[in-house]
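Nothing in this text is a laboratory measurement; each read-out follows from the coordinates by a stated rule. The shown structure was predicted, so the numbers you read here are calculated from the model rather than taken from an experiment. Because the Cβ atoms are built from the backbone with ideal geometry, glycine has one as well, and the counts that use them run over all protein chains shown.
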Ligand code: 13P
Ligand code: SF4
């Protein structure tokens, strides 16, 4: 190795340590070390060089591991922010570190780009909760209703829906729809949270739900909250609307991933218990170094299938790596549903 190369690796290790060094590795309970950063620096450096060489942008959901989010991603975000970034990407190639429905959404929004999902088959228990046939049946059964899907759904399901939503805009969009009857798929717990929020806002609508739950957020219980309150009475409880309704009801804040980041930043409190995926806890730690976090551990195994190695594998073989493709007719219909969200979210 030349002196120049060694110096670049050392500088990369230091850059990584500035961010990763503040994050906890939940497997050990320890902050990530300088040695760890040094061990991954040659690979993050190679990836960062390659993505520029190959006109690629890396988008990463907060639930990916911090080596991805803070080591190689050009943009990090929640589902809504990443969908917007995919629409604005200037590069020819989008490497999406997330799960399949996210990469599919990026392809629909930017059909001229090559979109890659490094763990080719990474799925989501919500997106698996309804298929196109079931969506078609709901549309036929409730002709007066607006069919609203959470962004965590397949392109084939979106193609049947009037508008899609993310956790950052769901309540405003559902309220703004003229229909009294709303069929919401596929998150059963979010549907319960919509009912409660509408009631709080004094908006009368009939929410019909169908689908499944997030296999990470559906594990949280009232018991978890009771235990946290006992152990850390000063901690503010924050949760995601994919959690069961009783958990959200008892939380000081329940909202989207970006909403949690803003809530913690703006809060005067010093301690927070986080009932959501570990990745967001790492971002909270990093962005709020003076605050203390008590994660109630939750790990999305599918998001964790994004690794430095499989991103590097895609970049090395960009011409041969499998691309995310969506049938033209399906993509056209699904795009209308996604565009309706961008219009209604208005930001
Ligand atoms: P947001 O990124 O919209 O907060 O959703 C969380 C999630 O579970 C993504 O799959
Ligand atoms: Fe799907 Fe839940 Fe994983 Fe998000 S955290 S990708 S909703 S399984």
Using a Förster radius of 41 Å, what is the FRET efficiency between residue 179 and residue 291 based on their Cβ-Cβ separation? Nearest 0.05, please.
0.50
If one builds a Gaussian network model of the chain from Cα atoms under 10 Å apart, the most fluctuating residue listed among 315, 16, 50 is 50
FRET efficiency estimate (nearest 0.05) - Cβ-Cβ, residue 110 to residue 327, R0 22 angstrom:
0.85
Once the Cα gyration tensor of the stretch 126-190 is diagonalised, semi-axes √(5λ) in Å
17, 15, 9
Just to be sure I understand: with springs between alpha-carbon atoms less than 10 Å apart, which residue in 305, 245, 15 has the highest mean-square fluctuation in the Gaussian network model of the chain?
15
What fraction of the DSSP beta bridges in the stretch 20-167 is antiparallel, stated in percent and rounded to the nearest 5?
10 percent
DSSP beta bridge pairing in the chain, given as percent antiparallel to the nearest 5
5 percent
Per-residue Cβ contact counts at 10 Å, fewest first, order 46, 320, 31 as 320, 31, 46
Pairwise centroid distance, computed over Cα atoms, of the stretch 20-45 with the stretch 135-198, Å
40 Å
Among 314, 296, 120, what is the fewest-to-most ranking by other Cβ atoms within 10 Å?
120, 296, 314
The chain: D in µm²/s via Stokes-Einstein (Kirkwood Rh, Cα pairs, 20 °C, 1.002 mPa s)?
102 µm²/s
Spin-label pair residue 39/residue 84, simplified geometry with 7 Å Cα→Cβ offset, distance in nm:
3.7 nm
Taking 0.36 nm per intervening residue step and subtracting the Cα-Cα distance, what contour gain separates residue 317 from residue 144 on full extension?
57.4 nm
Here the equivalent ellipsoid of the stretch 1-74, derived from its Cα gyration tensor, has semi-axes (largest first, whole Å) of 21, 18, 8
For a quick check: sort 325, 12 by the number of other beta carbons within 10 angstrom, fewest at the front.
325, 12
Which whole-number value in Å³ per residue fits the convex hull of the alpha carbons of the stretch 37-106?
74 Å³
Note: residue 252 to residue 215 extended length (0.36 nm per residue) minus current alpha-carbon separation gives 11.1 nm
Using alpha-carbon pairs under 8 Å, 6+ residues apart, how would you state the relative contact order of the chain in percent?
19 percent
